[in-house]
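Visitor: Quick one: structure below, then a few questions.
Bear in mind these aren't lab numbers, they're just calculated from the coordinates by the rules spelled out. Please read these numbers as outputs of a predicted model, since none were measured by experiment. When we count neighbours, we look across all protein chains shown, and the Cβ atoms used for this are built from the backbone with ideal geometry, even at glycine.
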Amino acid sequence: MAAKWKIEFYEDHQGRRPVEKWIDGLSVQKAEAVIVALKEVLAINGIMLASGRWLKSVGGGLYEFRIRHSVSQIQDMYQIANKSLVGGTEAILLRIFVAFAGEKTIVLLGAYDKGKNDKAGFQQNQIGVARKRLREWKHRQG
């Protein structure tokens, strides 16, 4: 299935992409789960995911994209023909903060591994960082 939404990485003033850097620092299994979830779930379904378990509004136009499944589980759930060779049994509990812009753009603003840090204060801090980035992104757009 072809993507309906364009995924855009937030860039700071120095041209750095924090979510891309975060993905690069993940294990192979987790990074592959993120890539498959972004391409095969978020880019295809977009805001429609807000009515389910994948996407949760955290207010102000900011959403938390929740990745809780391995690559093979995602591929089975969405009947994806091109199966990944990435295996493993590593627990996946990842979060990416996103915003929807215009009709078909999703901006990736921040991310963290909830399995490594599930403290409420840490999550609130990450939401605050994502909100700041969203404000900066909107300001540059407009």
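Visitor: Quick one: angle between helix 28-37 and the longest Cα principal axis of the chain, in degrees between 0 and 90, rounded to 10, please.
Guide: On a 0 to 90 degree scale, this one is about 70.
Visitor: Over the chain, what is the relative contact order in percent, taking alpha-carbon pairs closer than 8 angstrom and at least six residues apart?
Guide: Values: 203 pairs, mean separation 37.6, N = 142.
So the answer I get is 26 percent.
Visitor: Still on this model: Could you line up 8, 40 from fewest to most neighbouring Cβ atoms inside 10 Å?
Guide: Values: 8 15, 40 20.
Fewest to most other Cβ atoms nearby, the residues stand as 8, 40.
Visitor: Also, I was wondering about something else. Longest segment of the chain with no trypsin sites (Lys or Arg not before Pro) in a DSSP loop having at most 16 other Cβ atoms within 10 Å? Numbers along the way, then the final one.
Guide: Numbers: sites that count: 4, 16, 53, 83, 104, 116, 119.
Answer - 17-52.
Visitor: Moving on. Provide, as a two-decimal number, the C-alpha radius of gyration of the chain over 2.2 N^0.38 Å, N being how many residues it has.
Guide: Against the compact-globule rule of thumb, the ratio is 1.01.
Visitor: How far, in degrees from 0 to 90, does helix 120-141 lean away from the longest principal axis of the Cα atoms of the chain, to the nearest 10?
Guide: 60 degrees
Visitor: I've got another one for you. Can you list the lysines whose alpha carbon sits under 17 Å from that of residue 104, skipping same-chain ones fewer than 8 residues off?
Guide: List returned: 4, 6, 39, 138.
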